[in-house]
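> I'd like to ask some things about the structure below.
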Amino acid sequence: MTDYGLDLAVIGNGRTAALLEPSSRIVWWCLPRYDGDPVFCRLLSGGEDKGFTDVVLEGQAEIRSNYVRNTAIVVTDLIDDKGAGVRITDFAPRFQIYGRTFRPPQIIRIIEPIGGMPRVTIRFRTTHRYGEPVASRSSGSNHIRYWRDDVPVRLTTDAPLSYVENEASFILTRPVHMVFGTDEPFEGSLESTCRDFCERTRDYWLEWVRRLAFSIDWQDEIIRAGITLKLCSYEETGAIVAALTTSIPEVPKSGRNWDYRFCWMRDAFFVVRALNRIGATRTMEDFISYILSVSAGRLGEVRPLYGVVHTDALEERTAPALSGYGGDGPVRIGNAAVNQSQHDVYGSIIMAATPIFFDRRLPRPGDASLFHTIEPLGAQAAKLALKPDSGIWEYRGRTRVHTHSAAMCWAGCQRLAAIANHLNLPERANHWAGIADHIGQELLKRAWSPKRKAFSAAFDSEDLDASALLLAELGLVSPDDPRFIATVEAIGLELRRGFHVMRYVAADDFGLPESAFLI
């Protein structure tokens, strides 16, 4: 079958998520959580036929695949060269029942004929231990159990089990239903339950989108981005992961294949801002609660990233059984950036928490007690703002005083001053305003490059970086400041020359020249 690269759809429910190619082949799905051992891992198998499930239509000539409008449900039509075809509907159940959100670790697939007598083969090839095929399985009357180490997987279906087990082709004359999930018996009628779950899941997403708030421009793109962001939320804890995958190379053959299935503190402010802009206030509130659970009251340094359960260890290792996306390994599990110093996290967390004190839509307004629990973050921002760190791009083996990190520390202290003013705490407001003023003056002096006539990536440097474009949005300079205008023009000129302004250094010394990290 055709390899569609990264043209992938995502289905999920706030507890589990999977990635599908346009042919409906599921190539990535982890259990029991986003950061778990993949059941399907073909995305990173280098093209090996393992770790996927699909429906192969004999004589396939056409593929049509789309999301059901304003939902996380994907419908794929496969048409053969005689006009016969099948329709495949994929989704993860999510809806309200008994006043609670039903979001089991399940994927449901409905396969139905839509013309003629289509001949199909259903393939279900599971893996465990990050890429090793599951060899042990057992069958019941209407299910197959795949014996993975920690989380066995059960396929419950009304398709002929012998055909599925032997990957034998058969004529599809009626709809068949498949439920992929943990090893729990499936109660009730499979057909009626799957169709009921599909309808309820569709209604849930339609209502969720209906409650969003944004302008008429670019609505389709904003809705799809909003749903995707929602699918990156691990709703049980409120964490939002940076991505649902690991080890997609940043640049081919660079070795920069990182595991992004975790929650980055540096993204906190930007995630909250995005959710706020579309009116997804409940998801925003849950995420802020997660951020505060991680960081509030901490007197020491906050780590750059955390798992969806923030106490989890995130040691980095490689998966030898997976050769990587397109064979471009290594595949990494965990992320060693957890041990880096990234000073921008303090400002990001404070700014992410700021809506609690000002947004009247949130049910529990922030008070002086909460303010005092986040002040230690400001103390760390003040202490570290003008010291070297690994920077927003997580350089491994190099530290500098990065302009973005200093700017975020400034912003955190400046927001603390604004919050203190709002809470009528004048002494604290003056304290934080004074600190912010000191950081800001030093930043504007040392980040300015007279040679480049622009704000640079780091203090006393001539390198440019796109993160400097945030200086106006953070409020450190005004958009019409001649220095900011000159920075925009300098970065634009760099882009027109065909260079990417985010310059990388080889992580872990991959032995590549620096030019290999300019794209």
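The values are calculated or read from the model by the stated rules, or taken from the named source; none is laboratory data. Every value quoted in this text rests on a predicted model; they were computed, and no experiment measured them. Cβ sites come from the backbone with ideal geometry, for glycine too, and all protein chains shown count toward neighbours.
> Please go through the stretch 443-464 and give me each residue that is touching a residue at least 24 places away in the same chain (Cβ under 8 Å), touching a strand residue (DSSP E or B) at 6+ places or on another chain (Cβ under 8 Å) and part of a loop (DSSP other than H, G, I, E, B), ordered by number.
Ala447, Ser456, Ala457, Phe459, Ser461, Leu464 - these are the residues of the stretch 443-464 that are touching a residue at least 24 places away in the same chain (Cβ under 8 Å), touching a strand residue (DSSP E or B) at 6+ places or on another chain (Cβ under 8 Å) and part of a loop (DSSP other than H, G, I, E, B).
> Something else about it: Just name the residue that is farthest from the chain's Cα centre (by Cα) out of those in the stretch 94-149 that are assigned to a loop (DSSP other than H, G, I, E, B), among the hydroxyl-bearing types (Ser, Thr, Tyr) and modelled with pLDDT under 95. Even if it seems obvious, please write down each step before you answer.
Start the filter on the stretch 94-149 by keeping residues that are assigned to a loop (DSSP other than H, G, I, E, B), which leaves 94, 98-99, 103-105, 116-118, 126, 129-131, 134-136, 140-142, 147-149.
Subset that is among the hydroxyl-bearing types (Ser, Thr, Tyr): 98, 126, 130, 136, 141.
Narrowing the set further to residues that are modelled with pLDDT under 95 leaves 98, 136, 141.
Numbers: Tyr98: 29, Ser136: 32, Ser141: 38 Å.
Taking the candidates together, the pick is Ser141.
> Sticking with this one: Scan (1) of a type in the set (A, V, I, L, M); (2) farther than 17 Å from Ser247 by Cα; (3) under 19 Å from the mean Cα position of the chain (by Cα) for the single condition Val56 breaks and write down its number.
It is condition (3) that Val56 fails.
> Taking only the stretch 116-145 into account, find how many residues are free of Cβ contacts under 8 Å to residues at least 60 places away in the same chain and either among the polar types (S, T, N, Q) or within 20 Å of Leu190 (Cβ to Cβ) (or both).
Restricting attention to the stretch 116-145, the residues satisfying the condition of being free of Cβ contacts under 8 Å to residues at least 60 places away in the same chain are 116-117, 134-145.
Among the residues that remain, those that are also either among the polar types (S, T, N, Q) or within 20 Å of Leu190 (Cβ to Cβ) (or both) are: 136-145.
Of the residues in the stretch 116-145, 10 are free of Cβ contacts under 8 Å to residues at least 60 places away in the same chain and either among the polar types (S, T, N, Q) or within 20 Å of Leu190 (Cβ to Cβ) (or both).
> Run down Val68, Val56 and say which single residue is surrounded by fewer than 19 Cβ atoms within 10 Å (Cβ to Cβ) and within 24 Å of Ser162 (Cβ to Cβ).
Criteria check complete, one pass: Val56.
> Moving to a separate point now. Given the options Ile491, Ile439, name the one that is at pLDDT below 95, surrounded by 19 or more Cβ atoms within 10 Å (Cβ to Cβ) and in a helix (DSSP H, G or I).
On inspection, the qualifying residue turns out to be Ile491.
> Could you please let me know if Leu425 is touching a residue at least 60 places away in the same chain (Cβ under 8 Å) and under 21 Å from Ala353 (Cβ atoms)?
For Leu425, the condition - touching a residue at least 60 places away in the same chain (Cβ under 8 Å) and under 21 Å from Ala353 (Cβ atoms) - is not met.
> With out of contact with any Pro (no Cβ under 7 Å at 6 or more places or on another chain) and part of a strand (DSSP E or B) as the only criterion, which of Arg69, Arg64, Arg33 stands out?
Unique residue meeting the criteria: Arg64.
> Here is a follow-up. Just to be sure before I move on: is Arg42 in the same structural domain as Pro175 (by TED's automatic domain parsing), crowded, with 22+ Cβ neighbours inside 10 Å and charged (D, E, K, R) in the structure I sent?
Yes.
Residue-by-condition table, conditions (1) assigned to a strand (DSSP E or B); (2) more than 23 Å from the chain's Cα centre (by Cα); (3) closer than 28 Å to Ala411 by Cβ; (4) of a type outside the set (Phe, Trp, Tyr):
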site: Arg174; (1), (2), (3), (4): no, yes, no, yes
site: His177; (1), (2), (3), (4): yes, yes, no, yes
site: Tyr204; (1), (2), (3), (4): no, no, no, no
site: Trp208; (1), (2), (3), (4): no, no, no, no
site: Glu236; (1), (2), (3), (4): no, no, no, yes
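> Right, Val477: modelled with pLDDT of 95 or more and assigned to a loop (DSSP other than H, G, I, E, B) or not?
Judged against the criteria, Val477 is a match.
> Kindly provide the set of residues from the stretch 238-251 that are under 25 Å from Ser323 (Cα atoms) and part of a strand (DSSP E or B), ordered by number.
Residue satisfying the conditions is Thr246 alone.
> Please specify each residue of the stretch 72-124 satisfying the condition of being within 24 Å of Ile144 (Cα to Cα), among the hydroxyl-bearing types (Ser, Thr, Tyr) and surrounded by fewer than 17 Cβ atoms within 10 Å (Cβ to Cβ).
Selection gives Thr121 alone.
> Go through the stretch 443-464 and count every residue that is touching a helix residue (DSSP H, G or I) at 6+ places or on another chain (Cβ under 7 Å) and either crowded, with 22+ Cβ neighbours inside 10 Å or of a type outside the set (Asp, Glu) (or both).
Total satisfying the criteria: 12.
> Check Val241, Val251 and return the single one that is at pLDDT below 95 and over 27 Å from Arg123 (Cβ atoms).
After ruling out the rest, the residue left standing is Val251.
> Just to verify a result, which residue in the stretch 191-209, among those that are in contact with a Ser or Thr (Cβ under 8 Å, 6 or more places away or on another chain) and more than 16 Å from Leu229 (Cα to Cα), is surrounded by the most Cβ atoms within 10 Å (Cβ to Cβ)?
The selected residue is Thr201.
> Which of the residues belonging to the stretch 48-93 are closer than 21 Å to Ala18 by Cα and of a type in the set (Gly, Ala, Ser)?
Passing the criteria: Gly51, Ser65, Ala72, Ala92.
For every residue, the table says whether it meets (1) closer than 24 Å to Ser323 by Cβ; (2) of a type in the set (Lys, Arg); (3) in contact (Cβ under 8 Å) with a residue 24 or more places away in the chain.
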position: Pro22; (1), (2), (3): yes, no, yes
position: Leu31; (1), (2), (3): yes, no, yes
position: Ser45; (1), (2), (3): yes, no, yes
position: Lys50; (1), (2), (3): yes, yes, yes
position: Asn66; (1), (2), (3): no, no, no
position: Val75; (1), (2), (3): no, no, no
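> Of these, Arg256, Arg224, which one is in the same structural domain as Glu316 (by TED's automatic domain parsing), over 11 Å from the mean Cα position of the chain (by Cα) and either in contact (Cβ under 8 Å) with a residue 60 or more places away in the chain or buried (at least 17 other Cβ atoms within 10 Å of the Cβ) (or both)?
Just a single option satisfies the conditions, and that option is Arg256.
> Just for the stretch 186-213: of the residues that are basic (Lys, Arg) and closer than 15 Å to Thr101 by Cβ, which one is modelled with the highest pLDDT?
At the first step, the residues of the stretch 186-213 found to be basic (Lys, Arg) are 195, 200, 202, 210-211.
Now drop any that are not closer than 15 Å to Thr101 by Cβ, which leaves 200, 211.
On the way: Arg200: 98, Arg211: 95.
Looking at the filtered set, the residue picked out is Arg200.
For every residue, the table says whether it meets (1) within 30 Å of Val251 (Cβ to Cβ); (2) polar (S, T, N, Q); (3) crowded, with 17+ Cβ neighbours inside 10 Å.
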| residue | (1), (2), (3) |
| --- | --- |
| Val272 | yes, no, yes |
| Met284 | no, no, yes |
| Ile288 | no, no, yes |
| Leu299 | no, no, no |
| Ile333 | yes, no, yes |
| His343 | yes, no, yes |
| Thr354 | no, yes, yes |
| Asp367 | no, no, no |
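> Is it the case that some residue within the stretch 416-436 is within 30 Å of Val251 (Cα to Cα), modelled with pLDDT of 95 or more and in the same structural domain as Ile349 (by TED's automatic domain parsing)?
In the first step, residues of the stretch 416-436 are kept if they are within 30 Å of Val251 (Cα to Cα); the result is none.
Looking through the stretch 416-436, none of the residues is within 30 Å of Val251 (Cα to Cα), modelled with pLDDT of 95 or more and in the same structural domain as Ile349 (by TED's automatic domain parsing).
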